[in-house]
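Below is one structure; the comments refer to it alone.
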Amino acid sequence: MTTLDRDRWLASLRASIPEISPADALTRQTQGSVLIDVREDGERAGGMPLGAVGLSRGFLELRIEQLVPDRSDSVLLLCGSGQRSLLAAETLQRMGYSQVASISGGFQRWKSEGLPVATNALDSDAAERYARQLQLPQVGEAGQAKLASARVVLLGAGGLGAPAALYLAAAGVGELTLIDDDRVERSNLHRQIIHADARVGMAKTESARIALAALNPRVRVEIRNERLQADNVERLLAEHDLVIDGADNFPARYLVSAASRRLKLPMVYGAVERFSGQVSVFDPRRHDSPCYRCLFPEPPAAADAPNCSEAGVLGVLPGIVGLLQATEALKLMLGIGEPLVGRLLHIDALSMRFRETRLPRDPACPGCGDSAAFNGYQDLVQMCASAG
Ligand SMILES: [Zn+2]
């Protein structure tokens, strides 16, 4: 096609496709029109019209129906200078969209007229993937960006870690680190739903990584096939924003608690047994927050330890508790709502009652009390085999 041919073609498109000014587009946007920026992801990285949805020209036909299911809705298209949006508009017209307009002058003119621009704009994949939580004013693009830059470490890819990791990945948390040295067993599958029958025998971390990548390939998953111990706890937990405690044993919980305080890392605690569970948040960044040892000052005697595999658990219980932990983690990352700090939530599935008790900080606590002293990390005797 020669330049002359191209100019003629664009002129013929202009005859059949309405072109509007950026200022008119802004007005129509406030009246409910969908503004789609059809430039490539890289071009939009420098900013796009506030409230616009990024959807590259190359994916327009494939994804427009998800974005605008009703073909009588008003759709405004924007590109760099106003030519590609004309071509895109013609395509949408042919697909049956009856109210399509191209924004004349494109993003160049939008910017030069001083109209509102969003930077750090989401690419089309993220805009579509997180559409339903982006609609929440408490999340929005700013919240989504917070999640994308967050790093969460999960102790255990088991009963609690499995559901928590799945939902945190789905929500768009940027990086998840999974610590677990177990392998998938068939008896895990009734509750550890991140794993699959075909992956029995595989390292839990690797099995979980496969599931998370399939769910949301945007999330970085780091795996650590190590048992949490005194000599590695601080290294494994450092440089994260919070820890999800899905430990299956008391020694690990005491180590996590100590490291949480040392690293000022919020610890989202969860535990399950038979038909009941507990959730709380220990946030060492807050002076009024209790720690795990305010709740359990010293490890229980082996005979009293409830987290043993022999105790058994209804498979859905860790799912419920793990999702409550994921909920608290998302709230902490987004900085919204009222975290479960200073409160212990008890769940009884048989009566289906959720009960809350106050859990104040204990001034005499051996972990965070006024005279508490840190004498190094200590490995406690393993009291129970895995449960989780
Ligand atoms: Zn304490």
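The values are calculated or read from the model by the stated rules, or taken from the named source; none is laboratory data. Only a predicted model underlies this, so the values are computations on that prediction, with no experimental measurement involved. Every residue, glycine as well, gets a Cβ built from its backbone with ideal geometry; the counts of neighbours run over all protein chains shown.
Please determine whether any residue of the range 21-37 is of a type in the set (A, V, I, L, M, F, W, C), assigned to a loop (DSSP other than H, G, I, E, B) and closer than 15 Å to Leu86 by Cβ. Break it down stepwise before answering.
If we filter the range 21-37 for residues that are of a type in the set (A, V, I, L, M, F, W, C), which is where we start, we get 23, 25-26, 34-36.
Now restrict to residues that are assigned to a loop (DSSP other than H, G, I, E, B): none.
For the range 21-37, residues of a type in the set (A, V, I, L, M, F, W, C), assigned to a loop (DSSP other than H, G, I, E, B) and closer than 15 Å to Leu86 by Cβ: absent.
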State yes or no: is Gly80 under 23 Å from Leu115 (Cα atoms), small (Gly, Ala, Ser) and surrounded by fewer than 16 Cβ atoms within 10 Å (Cβ to Cβ)?
no
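Given the criteria of a type in the set (Ser, Thr, Tyr), in contact with a strand residue (DSSP E or B) (Cβ under 7 Å, 6 or more places away or on another chain) and within 16 Å of the ligand (Cβ to nearest atom), does Ser257 qualify? Even if it seems obvious, please write down each step before you answer.
On the way: of a type in the set (Ser, Thr, Tyr): yes; in contact with a strand residue (DSSP E or B) (Cβ under 7 Å, 6 or more places away or on another chain): yes; within 16 Å of the ligand (Cβ to nearest atom): yes.
Criteria met by Ser257.
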Scan the range 198-216 for residues that are in a helix (DSSP H, G or I), touching a residue at least 40 places away in the same chain (Cβ under 8 Å) and farther than 11 Å from Ala157 by Cα and report the count.
3
Identify all residues within the range 324-356 that are more than 16 Å from the ligand (Cβ to nearest atom) and either more than 27 Å from Pro163 (Cβ to Cβ) or in a strand (DSSP E or B) (or both); write none if there are none.
Leu345, His346, Ile347, Asp348, Arg353, Phe354, Arg355, Glu356
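Taking the residues in the range 260-301 that are of a type in the set (Lys, Arg) and within 16 Å of the ligand (Cβ to nearest atom) as candidates, determine which candidate is surrounded by the most Cβ atoms within 10 Å (Cβ to Cβ). Walk me through how you get there before you give the answer.
At the first step, the residues of the range 260-301 found to be of a type in the set (Lys, Arg) are 261-262, 264, 274, 285-286, 293.
Narrowing the set further to residues that are within 16 Å of the ligand (Cβ to nearest atom) leaves 261-262, 264, 285-286, 293.
Details: Arg261: 19, Arg262: 15, Lys264: 10, Arg285: 10, Arg286: 15, Arg293: 22.
The extreme case among them is Arg293.
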Starting from the range 348-376, take each residue that is under 15 Å from Arg286 (Cβ atoms) and list its partners that are in a strand (DSSP E or B), counting only C-beta distances under 8 angstrom and pairs at least six apart or across chains.
Leu359/Ser280; Leu359/Arg343; Leu359/Leu344
Mind checking which residues of the range 109-136 are within 12 Å of Leu55 (Cβ to Cβ), buried (at least 19 other Cβ atoms within 10 Å of the Cβ) and at pLDDT 85 or above?
Ala126
Can you go through Gly105, Gly51 and tell me which one is over 16 Å from Ala127 (Cβ atoms) and either in contact with a Cys (Cβ under 6 Å, 6 or more places away or on another chain) or small (Gly, Ala, Ser) (or both)?
Gly105
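Condition test on Leu176, is it in a helix (DSSP H, G or I) and either in contact (Cβ under 8 Å) with a residue 12 or more places away in the chain or hydrophobic (A, V, I, L, M, F, W, C) (or both)? Spell out how you get there, then give the answer.
Values: in a helix (DSSP H, G or I): no; either in contact (Cβ under 8 Å) with a residue 12 or more places away in the chain or hydrophobic (A, V, I, L, M, F, W, C) (or both): yes.
So Leu176 does not fit the description; no.
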